[in-house]
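Peer 1: Can you keep this structure in mind? I'll have questions shortly.
The values are calculated or read from the model by the stated rules, or taken from the named source; none is laboratory data. Nothing here was measured: the structure is a model prediction, and the numbers come from that model. Methodologically, a virtual Cβ is constructed for each residue, glycine included, from the backbone with ideal geometry; neighbour enumeration extends over all protein chains shown.
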Amino acid sequence: MVERYALEPLKSLWTLKAQYERWLEVELAVVEAYEEFGIAPKGTAQKIRERAQIDVDDILRTEAVVDHDVIAFVKSVTKNMGDEARFFHYGLTSSDVVDTATSLALKSATEEILCSCKSLANVLYEKAIRYKDLPTIGRTHGVHAEPTSFGLKFLSWYAELLRDIERLERAKEEISVGKLSGAVGNYANIDPKIERRALEKLGLKPTPVATQVIPRDYIAHLLSVFALIAGLIERIAIEIRHLQRTEVLEAMEPFKEGQRGSSAMPHKKNPILCERLTGMARLMRSYAQVAFENMALWHERDISHSSAERYILPDATMTIYYMLEKTRYLIESLKVFEEKVRNNLDLTKGLIYSQRILLALVDKGMSREEAYTLVQSIALECWESGESFRERVMQNEKVKTLLTREELETLFEPSYYLRNVDAIYERFKHDPKSENQKGN
C-alpha cells in the first residue's frame with residue numbers, strides 16, 4: 001500500500017485488524033449455523049463473540065512461532081475461551097476462512113468503487129451537456145480532421161463508463177461467493193447446509209464447485225474490469241494532456257493556488273494529475289495479469305496465488321478507487337478555454353472543410369475521382385504554401401463553373417457538423433439522482 005494514494009474508506013478495509021475481523025465474522029457465521037442445526041449448543045456463538053479478542057500484535061507474535069497466519073489467529077482469538085472454543089474453526093480449513101473473508105472484502109471494496117464510478121458518470125454527463133454545442137476540431141492521427149462537438153468527448157467517456165458500471169455490477173455479483181467445504185472442497189467434515197446457512201448470514205452464496213480454494217477466475221474477472229475502467233481513465237487523461245499542450249491549450253487540469261509546476265521554471269503548469277493517472281493505468285493492467293496467472297494452481301490447490309494476492313488485491317482496489325476519485329475532481333475542475341477551442345478550428349485556413357467541397361462537387365455532377373483529385377491538389381498546395389484553402393477554392397475556375405460563391409460560403413460553416421449531435425445524445429437517458437444510468 002502506497003500511503004500517498006490510499007484513500008478512505010478503502011484504506012481501512014485492508015488493515016490487518018480489518019482482515020482478522022472478517023476472519024472472525026466467517027468463523028462466527030459457521031458457529032451460528034452449527035447452533036441452528038443442533039451441532040453446537042445454543043449460545044455458543046454469543047460466548048465466542050463476547051470472549052474473542054483480536055490482538056494484532058499477539059497474532060503476529062504467535063505467527064512468528066507457528067509460521068501459519070490462520071493457526072496463529074485461531075490460537076490467539078480462542079485463548080480466553082472455554083468449552084465453546086471446540087466449535088471455533090470446527091470442520092474448516094484455512095482457505096475456507098481466508099477465501100470467504102477475501103470475498104467479503106472485495107464485495108465491500110467493489111461497492112465503494114461502484115459508487116465512485118456513478119459519481120464520475122454524473123460529472124461526465126454534466127460536462128457533455130454543457131459543451132454539446134461547442135464546435136471543436138476533431139483530430140485523427142493527431143492531425144486536424146473535421147469539426148465536431150466538444151461535448152462528445154465527455155459523452156463518449158460517459159458511455160464507456162456506463163458499460164464499465166454494468167460490467168462491475170456483474171463482477172460484484174460473481175465475487176460475492178464463499179467456500180466452507182473443507183480441506184479439498186468435498187464437504188467431508190462439514191455439511192453443505194452449514195455452508196449455505198453461514199454464507200447466507202454473510203451475504204454470500206456458495207461457489208458451485210470448490211477445491212481447497214475458491215476458483216480464481218472470479219478475481220481475474222473483477223480485476224480485468226478494474227483494468228478496463230483504468231483504461232478509460234487513461235483515455236481521458238491522455239486527451240486532456242494533449243489539449244493542455246501549449247500549442248493547443250484548449251483545456252487544462254486544475255492548478256491550485258500556491259501550486260508550483262517546476263522547481264526551475266516558475267511559469268510551468270504541467271498536467272501532473274493526468275500523467276499520474278496514466279501511470280496508474282499501467283499498474284492496473286499488471287494487477288489483472290497477475291490475477292490471470294493465479295488461476296492455474298496445482299491439483300486442489302497450492303499457495304502460489306497467496307503471496308501475489310496479498311499485494312494485488314489491496315493495491316488494485318485502492319488504486320482504482322483513487323483513480324476514480326481523482327478523475328472526478330479532474331473533470332469537475334477542468335478549465336476549458338472555449339475561445340481557443342473555436343480559434344483552433346481556423347488554424348488550417350479552411351482545409352478541414354475539404355470533404356464538404358468534395359461532396360458538393362459530386363452533387364453537381366463531377367465524378368468522385370475527379371472531384372477528389374481536384375480538391376486534394378488545392379489542399380496540398382495550401383498545406384505547402386500556407387495559403388487560405390477557402391480562398392483558393394473560391395478562385396478555382398473548375399469549382400466556379402459548378403458552385404456559386406454563395407453556395408461555397410455555406411460549405412465553410414462548423415455548425416453543419418453538429419447538426420446530428422442531438423440524435424447521439426438522445427441515445428442516453430440520464431437521471432443524476434438515479435444509480436441506473438443507461439445508454440439505449
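Peer 1: Cβ-Cβ under 6 Å, sequence separation 6+ or interchain: first residue in region 308-333 and in contact (Cβ under 8 Å) with a residue 12 or more places away in the chain, partner among the polar types (S, T, N, Q) and not in a helix (DSSP H, G or I). Which pairs?
Peer 2: Short answer, once both residue conditions are applied: 308/294.
Peer 1: Scan region 131-173 for residues that are without any contact (Cβ under 8 Å) to a residue 60 or more places away in the chain and over 14 Å from residue 239 (Cα atoms) and jot them down.
Peer 2: Hits for region 131-173 are 166, 169, 170, 173.
Peer 1: I've got another one for you. Residue under question is residue 96, and the condition is that it be under 26 Å from residue 303 (Cβ atoms), free of Cβ contacts under 8 Å to residues at least 12 places away in the same chain and assigned to a helix (DSSP H, G or I); does it hold?
Peer 2: no
Peer 1: Taking helices (runs of 4 or more DSSP H) that do not extend beyond region 280-374, which have at least 3 residues that are among the hydrophobic types (A, V, I, L, M, F, W, C) and out of contact with any strand residue (DSSP E or B) (no Cβ under 7 Å at 6 or more places or on another chain)?
Peer 2: It comes to 304-333, 354-363.
Peer 1: When region 352-402 is examined, which residues are found to be closer than 19 Å to residue 137 by Cβ, crowded, with 18+ Cβ neighbours inside 10 Å, among the hydrophobic types (A, V, I, L, M, F, W, C) and out of contact with any His (no Cβ under 7 Å at 6 or more places or on another chain)?
Peer 2: Selection gives 357, 358, 375, 379, 382, 389, 393.
Peer 1: Within region 325-351, work out how many residues are in contact with a Leu (Cβ under 7 Å, 6 or more places away or on another chain) and farther than 30 Å from residue 109 by Cα.
Peer 2: Of the residues in that region, 4 qualify.
Peer 1: Still on this structure: Condition first: under 24 Å from residue 134 (Cβ atoms) and either in contact with a helix residue (DSSP H, G or I) (Cβ under 9 Å, 6 or more places away or on another chain) or outside the structural domain of residue 135 (by TED's automatic domain parsing) (or both). Now tell me which residues in region 256-276 satisfy that.
Peer 2: Answer for region 256-276, where residues must be under 24 Å from residue 134 (Cβ atoms) and either in contact with a helix residue (DSSP H, G or I) (Cβ under 9 Å, 6 or more places away or on another chain) or outside the structural domain of residue 135 (by TED's automatic domain parsing) (or both): 271, 273, 274.
Peer 1: Which of the residues spanning region 123-134 are out of contact with any strand residue (DSSP E or B) (no Cβ under 8 Å at 6 or more places or on another chain) and either farther than 20 Å from residue 423 by Cα or among the aliphatic types (A, V, I, L, M) (or both)?
Peer 2: 123, 124, 128, 129
Peer 1: OK, next. In region 7-49, which residues are under 26 Å from the mean Cα position of the chain (by Cα) and of a type in the set (Phe, Trp, Tyr)?
Peer 2: Result: 14, single match.
Peer 1: I've got another one for you. Take the residues in region 94-115 that are touching a Leu at 6+ places or on another chain (Cβ under 9 Å) and more than 24 Å from residue 169 (Cα to Cα), then tell me which one is surrounded by the fewest Cβ atoms within 10 Å (Cβ to Cβ).
Peer 2: 97
Peer 1: Hey, any hits in region 120-128 for a residue that's within 21 Å of residue 6 (Cα to Cα) and either not in a loop (DSSP other than H, G, I, E, B) or not assigned by TED's automatic domain parsing to the domain that holds residue 21 (or both)?
Peer 2: Yes, the conditions are met somewhere in region 120-128.
Peer 1: Output yes when any residue across region 9-32 is outside the structural domain of residue 193 (by TED's automatic domain parsing), more than 26 Å from residue 107 (Cβ to Cβ), surrounded by fewer than 20 Cβ atoms within 10 Å (Cβ to Cβ) and not hydrophobic (A, V, I, L, M, F, W, C), and no when none is.
Peer 2: There is no residue in region 9-32 that is outside the structural domain of residue 193 (by TED's automatic domain parsing), more than 26 Å from residue 107 (Cβ to Cβ), surrounded by fewer than 20 Cβ atoms within 10 Å (Cβ to Cβ) and not hydrophobic (A, V, I, L, M, F, W, C).
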